[in-house]
Amino acid sequence: MALPAVRRSAAFGLLAAFGAVAAFATIAPREDAPPPPRALIVEPLALQAHEVPPPLQYVREEQFQRGDTLAGFLSRLGIDETAIGRLARAPALRALRPGVAVRADVLADGTPKSLSFLTGRDTLVRIVPEGERFRALEEQAPLETRVLMKASVIRSSLFAATDAVGIPDGIAMQLADVFGGDIDFYRDLRKGDRFTVVYEIYDLGGRPVRAGRLLAAEFVSQGRHLRAVHFGSSYYAPDGRNLRKAFLRAPLEFSRVSSGFGMRRHPIHSGWRAHKGIDYAAPIGARVRAVGDGVVDYAGIKSGYGNVVILRHNGQYSTLYAHLSRIAVRRGARVAQNDTIGLVGQTGWATGPHLHYEFRIAGQARNPLAVALPSGLPVPAQSLAAFRAQAEPLVARLDLLANANVALLD
Ligand SMILES: [Zn+2]
C-alpha cells in the first residue's frame, strides 16, 4: 500500500484563459508574470458610433471557489435568477472544480449568452442557450506551446528562488526530480547556488494555462556544474550520460511544505558519523520515499528507531528510515524508487520530528552523500545523432543564460 504522492499542480491555474479580450489588447501579457489574482473583469463591448447600440453585453470572469454553491457562483457572474435556475441543472456545470475560472458573456439584464471554462484535459467547454435550455459544447482547447528560459539564484529556498522569477511549481518539482540523483535538495542547497531552466508553457489565447515539460536545465551548486537535457522519456547530461541514478540522494520528497525546512533548522545530529545516519529535520507528516527500487525487509517498531522501514536493494545495498509517524508498506512488498514508504514522525528516541536515514553497503553504514552511485543507461548508440541534434540548441540556450548570469554577478 503506497500513499499517493502529494504534488502541487503547476502554479498557473486555469484562471483567465479564454482568448484575448479588449482590455488586454493594449497591454501585452507578461509571459513571466505570476498568475493574476482572482479578479472580476467587467467589460462593456466597444460600440460603433453610427449603429443602434445593441443591448449592453458584459464579459465576466470568476474563479469557482471552495465552498461556492453553484447558484451563488452564477449570481456572482451577474446571471439573473431565472437563468440560474435553468443553468444549475446543466451537468457540465455541476462538474466544476474549485480553482476553475469561468468566463461568462452576459447581457445587461442578466441573460447569459455563453459560459466557458477549461477542464483538466485541455477541453474547452462552452455552455450556450438553446430555446429554454442550455447546451454544452466541447472542443479541444487550441493550446499553443511556447518555450521559456529563466534563471534564478537561491537565497533562502528553491521555491523562493523560482517564485521570484515566476517559474511554475511544476517546473520547480521537475528540476528537483531531474537532479535528484545528484543533489540532495533537502540539505545540499546553499545561498548563492543558481540554476537555469528551459521549459514549455501552454497558452490559450495568448495567456498561460499551464506548464509543460522541462526541456533543459543547469544547476550550479558548490562548485559543481550539472546540466540536463530532455530526450525521449529521460534526462541526460549533454555528453549522453543518464542522470537517473539507482538511488535518490534524499529520502524526503522535495515539496513546498518541506522546502527550506532543512535550511531553517539545524538537524539534531550534524553528520552521519555520529550515529551512522543522516537526520533530516522535517515536519511531521512529510512524505518519506524509497530512494531506490527494492523489497521491504522490515516494517515495524524497533526500540530506539521507533517506527522503522528497512529496504533491501539490488546488490549489497540497503536503506533504513526511522522515527516514522506512519508506515505505509508491509514486509515483503516490492517498492519502486520514489514510492511513499511512510511519513515523518517523532517515534522512538527522537527529541523532535525528523527522519533518521541510513544507507548501508554490505551491512556497513556509509555516508550516502560520499558514495558514488550507479547510473541508468546512457543514450543508446543508435540514438546519439538524434540526441545531439536535440541537445545542441538547448545547451546553446543554457550557455546564453549562464553568460548573462555571470555578467549580472560581476
Ligand atoms: Zn538520527
Output for the stretch 339-358, where each listed residue is charged (D, E, K, R) and near the ligand (Cβ under 10 Å from one of its atoms): Glu358
Strands (runs of 3 or more DSSP E) within the stretch 333-410 that include 2 or more residues crowded, with 18+ Cβ neighbours inside 10 Å and modelled with pLDDT of 90 or more: 340-343, 354-361
Residue list for the stretch 303-332, restricted to those being within 16 Å of the ligand (Cβ to nearest atom), surrounded by fewer than 18 Cβ atoms within 10 Å (Cβ to Cβ) and at pLDDT 95 or above: Ser325
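The values are calculated or read from the model by the stated rules, or taken from the named source; none is laboratory data. All of these numbers come straight from a predicted model, not from anything done at the bench. Positions of Cβ are generated from backbone atoms using ideal geometry, with glycine treated the same way; all protein chains shown enter the neighbour counts.
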